[in-house]
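The values are calculated or read from the model by the stated rules, or taken from the named source; none is laboratory data. None of the values given here were measured: they were computed from a predicted structure. Here the Cβ positions follow ideal geometry from the backbone for every residue, glycine too, while neighbour counts run over all protein chains shown.
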Amino acid sequence: MTAATLERDAQEFLRFKRAMGIAYRRAEFVLHGFVCFVAQHWGRHGAVSLQEAVLRWTTRTAGRKAVTVANEFGVVRQLCLFRRRRDPGGYVPEHAIAPVKESVFLPCIFTHEQVRQLLAAATAHEGRSMWGGMLRALVLVLYCTGLRLGEAVRLHAADVDLAQGMLIVRHSKGRSRIVPVRADLAQELQCYARLRQQLLQSTGCAEPPAFFLRRDGSALTVHSASDVLRRFLCELGMKPPRGRIGARPYEFRHTFAVHRLTAWAQQGVDVHARLPWLSAYLGHQNVLGTEVYLKATPELLELASRRFKAHVHGRRRQPR
């Protein structure tokens with residue numbers, strides 16, 4: 001094969017995936033990097049064994065995280081499987097080349113007090129483009145529903161049905177879903193909706209599709225929302241001033257999941273039986289993506305340990 005034919009195959013593969021409703025944006029970036037790697041080392045039209053190209057590309061940088069290598073390798077392996085549809089003898093790499101499939105990363109979980117601090121900071125914020133009423137509603141949606149930041153920011157006003165108490169998340173990760181919300185969150189969003197209408201009247205802007213608006217009436221962007229949330233995290237000491245470490249805006253989603261599981265456990269609910277509920281609510285493809293939250297907090301593990309000890313002790317005391 002050559003880099004030129006590989007590029008053609010990658011484009012066909014992307015068209016195939018997107019025809020099924022899968023955005024595959026990150027995968028497109030990975031495939032582009034793989035094609036560029038092949039072109040750089042063997043030329044655009046130089047022949048090379050696909051097996052050699054995959055192996056050298058996978059091991060191109062020493063010291064990379066195993067889970068990162070495995071995720072990228074998985075995309076290229078999918079491309080090889082796609083190529084084999086028309087060439088039964090086509091090479092498909094073994095999983096053993098990059099066997100790690102699960103990240104050992106444990107998310108940062110906000111305490112209830114930290115959530116209150118972040119909410120207070122958002123409510124009090126009055127910047128040139130960001131305003132407290134909007135940021136308060138955004139933080140509440142992130143924490144109370146576990147929506148991804150992009151999902152929340154991209155909500156349209158038509159997607160927020162406060163009469164029925166639900167949000168409609170459209171075309172996220174290739175799927176859409178309905179997210180029911182509690183009455184108290186619906187009331188908060190009704191307050192924001194009134195402030196939003198006042199903002200539009202004062203700026204003279206026409207009704208935009210976006211639900212979350214900046215001070216000038218333009219749609220909130222993921223980049224600007226992420227920036228202001230990171231600023232709050234730094235100001236409150238939850239994240240260092242520099243570096244890609246510490247808490248992130250995405251932790252609201254993790255915190256929602258763990259707090260929900262912990263509340264269920266404290267209520268005596270069978271947490272494992274409820275995992276599919278939480279998985280569907282969060283928009284996970286399957287329950288495996290939700291199970292990581294079971295080990296994400298010592299509080300939940302301690303509660304499970306106490307319950308297990310009580311169960312064993314009770315069995316020992318039963319008369320024979």
Regarding residue 268, is this residue over 26 Å from the mean Cα position of the chain (by Cα), assigned to a loop (DSSP other than H, G, I, E, B) and under 30 Å from residue 280 (Cα atoms)?
yes
Assuming residue 207 fulfils every condition listed in (1) in contact with a helix residue (DSSP H, G or I) (Cβ under 7 Å, 6 or more places away or on another chain); (2) over 17 Å from residue 281 (Cα atoms); (3) not in a loop (DSSP other than H, G, I, E, B); (4) not hydrophobic (A, V, I, L, M, F, W, C) apart from one, which condition is it?
(3)
Filtering the stretch 128-184 down to residues that are within 22 Å of residue 215 (Cβ to Cβ) and basic (Lys, Arg) yields 128, 136, 154
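Criterion first (aliphatic (A, V, I, L, M), over 21 Å from residue 116 (Cβ atoms) and at pLDDT below 95) does residue 278 satisfy it? Steps first, answer last, please.
Numbers: aliphatic (A, V, I, L, M): yes; over 21 Å from residue 116 (Cβ atoms): yes; at pLDDT below 95: yes.
For residue 278, the condition - aliphatic (A, V, I, L, M), over 21 Å from residue 116 (Cβ atoms) and at pLDDT below 95 - is met.
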Could you check, for the stretch 137-149, whether at least one of its residues is surrounded by 14 or more Cβ atoms within 10 Å (Cβ to Cβ), among the hydroxyl-bearing types (Ser, Thr, Tyr) and touching a His at 6+ places or on another chain (Cβ under 9 Å)?
yes
Restricting attention to the stretch 120-135, which residues are part of a loop (DSSP other than H, G, I, E, B) and farther than 13 Å from residue 225 by Cβ?
128
So residue 79 fits all but one of (1) surrounded by 17 or more Cβ atoms within 10 Å (Cβ to Cβ); (2) farther than 17 Å from residue 3 by Cα; what number is the exception?
(2)
Close pairs from the stretch 232-258: first small (Gly, Ala, Ser), partner surrounded by fewer than 21 Cβ atoms within 10 Å (Cβ to Cβ), Cβ under 6 Å, at least 6 apart
246/240; 247/108; 247/238
Filter the stretch 104-135 down to residues that are surrounded by 14 or more Cβ atoms within 10 Å (Cβ to Cβ) and within 21 Å of residue 282 (Cα to Cα) and give me whichever is modelled with the highest pLDDT.
115
Could you check residue 22 against (1) in contact with a helix residue (DSSP H, G or I) (Cβ under 7 Å, 6 or more places away or on another chain); (2) within 17 Å of residue 74 (Cα to Cα) and say which number it fails?
(1)
Please go through the stretch 38-74 and give me each residue that is in a helix (DSSP H, G or I), more than 20 Å from residue 94 (Cα to Cα) and free of Cβ contacts under 8 Å to residues at least 24 places away in the same chain, ordered by number.
40, 41
From the options 26, 15, 8, 77, residue that is over 28 Å from the mean Cα position of the chain (by Cα) and part of a helix (DSSP H, G or I)
8
State which residue is nearest to residue 18 (Cα to Cα) when the search covers only the stretch 158-203 and only residues that are in contact with a strand residue (DSSP E or B) (Cβ under 7 Å, 6 or more places away or on another chain) and assigned to a helix (DSSP H, G or I).
159
Pairing a residue in the stretch 150-178 that is in the same structural domain as residue 135 (by TED's automatic domain parsing) and more than 30 Å from residue 27 (Cβ to Cβ) with any residue that is at pLDDT below 95 and acidic (Asp, Glu), where Cβ atoms lie under 9 Å and the two sit 6 or more apart in sequence or on different chains, gives 157/207
